[in-house]
Amino acid sequence: MPATPRDVLLAVSVLDLAGRPTGFDPLELLHDLTAHAVALVKVPAAGITVLRTDGKVACATASNERCRYLTDYQFEVDEGPCLDTARSQTPLRPTGLTPGSLGASRWPRFASRAVRAGISAIAAVPLRTADQTIGALNLMIAAPPMPTRHDVRLAQTLADAATVCFLHRQELRHRDTLIGQLQTALDSRVVIEQAKGVLSDRLRVGVDEAFTRLRAHARSRRKKLSALAAEVARGDVPEELTGPR
């Protein structure tokens, strides 16, 4: 059977996630994981939750602001599928959130908020190594068709490829070092949120567009996203970022 364009995209995505050079930016890897999941599984948004050094779950990144908002809300109310998947270390099949559904009874506050934001279902797969779960990749679904079991397996493959990157050096097999890498991603998220706010205000664009410009500029200059974000957050905004696209 000849390869399809989707087959090629999957192969390229796995290679991109697993083959980062030494010194890669952990947060950029996780964001790329959400981007590949959105493109391949055909969902409107995806997010990453990870275990912090204190053992609690936190949002590392999301493909857009709606997903980030809904993921953060779960931590506010200590309820939701992203938390459950990270804690249970097991995949969550596509689960409805509309009134009367399993998700609505299991996570009533989150489900109500998600439906109002246009999300009707959710699925998740763990970010895992051979002997531990370090977080979860969460897929937010707006409308039918639901992701199939093959789609969920595909999402797991992408998550596994990203985890391989974290384990690309032998010393990263130690749990504390691995969690430290993820903590770096969480710390970077704070700075990136600040940078998005600065650019959004300066350019009069939405925060999603501000992040797109920030990330594109970092890649075109072969610069770490977190380093560029720190500069922008301090008010040192490159002229190329403020000019017309």
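Structure values in brief
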item: For ILE134, residues with placed amide H under 5 Å, excluding near neighbours; result: LEU127, ARG128, THR129
item: Cut-off 14 Å between beta-carbons: net charge of the residues surrounding VAL14, Lys and Arg +1, Asp and Glu -1; result: -1
item: For the chain: relative contact order, % (alpha-carbon pairs under 8 angstrom, 6 or more apart); result: 20 percent
item: Separation between Cα centres of the range 183-230 and the range 70-144, rounded to whole Å; result: 26 Å
item: Max mean-square fluctuation residue, GNM over the chain, Cα-Cα springs under 10 Å, options ALA46, ALA230, ALA123; result: ALA230
item: Within the chain, helix-based [θ] at 222 nm, where runs of 4 or more DSSP H residues each add -39,500 (n - 2.57), nearest 500; result: -18000 deg cm²/dmol
item: FRET efficiency, 1/(1 + (r/R0)^6) with R0 30 Å, evaluated for LEU15 and GLU209 via beta carbons; result: 0.60
item: Listed residues HIS31, HIS217, HIS150, most fluctuating in the chain (Gaussian network, C-alpha, under 10 Å); result: HIS150
item: Rg to Rh quotient for the range 34-125, alpha carbon positions, Kirkwood Rh; result: 0.93
item: Orientation-averaged projected area, Cα convex hull of the range 5-169 (nm²); result: 9.3 nm²
item: Using θ = phi - 60° and Karplus 6.51 cos²θ - 1.76 cosθ + 1.60, couplings along the range 106-122 (whole Hz; Gly, Pro as x); result: 7, 10, x, 6, 5, 4, 4, 5, 5, 4, 5, 8, x, 9, 9, 7, 8
item: Residues ASP72, ASP84, sorted so that the one with the fewest Cβ neighbours within 10 Å comes first; result: ASP72, ASP84
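Taken together, the values in this text are just the output of simple stated rules run on the coordinates, not laboratory data. This is a predicted model, so every value here is computed, not measured. Don't worry about glycine lacking a Cβ; one is built from the backbone with ideal geometry, like all the others, and counts go over all protein chains shown.
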